[in-house]
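Worksheet for the structure shown next.
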Amino acid sequence: MNIFKRLFRIGEAEAHSALDKLENPIKMTEQGIRELKESLGNGIKALAEVKAMTIRSRNDHESYTHKAEEYERKAMLLLKKGQSGDMDSGESDRLASEALLKKQENVKHASDALEDKNKFESSVSKLEGNIKGLRSKISHYENELRTLTARVKVATATKNINRQMSALDTGGTVSMLERMKEKVAQEEALAESYGEIAGESRSLDEEIENAIGGESRISANEELEKMKERLGIKSDSSSTNS
């Protein structure tokens with residue numbers, strides 16, 4: 001597991017050197033996690049197999065113990081039959097001895113099965129501890145990987161933005177803005193100047209109209225009277241005088 005300890009120390013390195021080297025460690029970490037998960041699967045399979053052997057050994061122990069007890073019971077019955085005269089004593093002794101031999105065999109098998117059961121139970125305990133630790137490591141490394149991947153994205157984005165910012169010609173931009181301000185101010189002044197000139201022209205026309213306005217009205221009245229006179233129309237002033 002030392003490879004993962006080395007991998008996650010990368011975050012303590014300087015940012016510019018770490019960014020250039022992070023892609024490969026991330027891939028290595030992902031591969032390491034896949035291998036750990038494969039080991040976890042194999043461990044679970046082995047645990048199931050050992051548990052099965054534990055169960056079988058326990059069943060064997062119980063079965064052999066029961067058989068040993070049965071052979072002991074049969075040996076006692078044979079001896080009783082020989083003692084009561086229900087069968088030949090020599091034959092009862094011989095069969096009882098055979099039964100006791102069978103009892104001893106089953107006791108031995110029961111003892112071996114018990115020993116196997118104890119060994120398998122110890123192996124189960126160790127395997128369960130290893131699997132629990134493996135699951136914890138996988139969860140830890142997956143969390144570390146998510147954090148590391150997020151840091152890479154943030155660092156890469158920050159690096160790109162800073163690189164773009166550093167490439168900007170700030171002096172040229174400021175100069176351009178100043179020229180634009182000067183140009184806008186000039187255009188605004190020119191527009192105001194034209195406005196003043198237009199205002200002056202309108203004022204002059206009004207003065208001229210005001211100056212000749214009375215004379216135009218007089219000329220129009222005279223021309224009206226002459227036209228009425230040609231048409232034989234008497235003006236109101238003439239009617240009044242007559």
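Bear in mind that the values in this text are calculations on the coordinates, not laboratory data. From a predicted model like this one, the values you see are computed outputs, not experimental measurements. Please note: Cβ atoms are built from the backbone with ideal geometry, for glycine as well, and neighbour counts cover all protein chains shown.
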Unsatisfied cross-links (Cα-Cα over 19 Å) in the set 27/159; 51/117; 51/132; 81/108; 27/137: 27/159; 81/108
Computed lengthening from residue 163 to residue 105, 0.36 nm per intervening residue step minus Cα-Cα distance: 12.5 nm
Residue separation between residue 185 and residue 233 times 0.36 nm, minus their alpha-carbon distance, gives in nm 10.6 nm
Once the Cβ-Cβ distance between residue 27 and residue 59 is put in as r, and R0 is 51 Å, what FRET efficiency do you end up with, to the nearest 0.05? 0.55
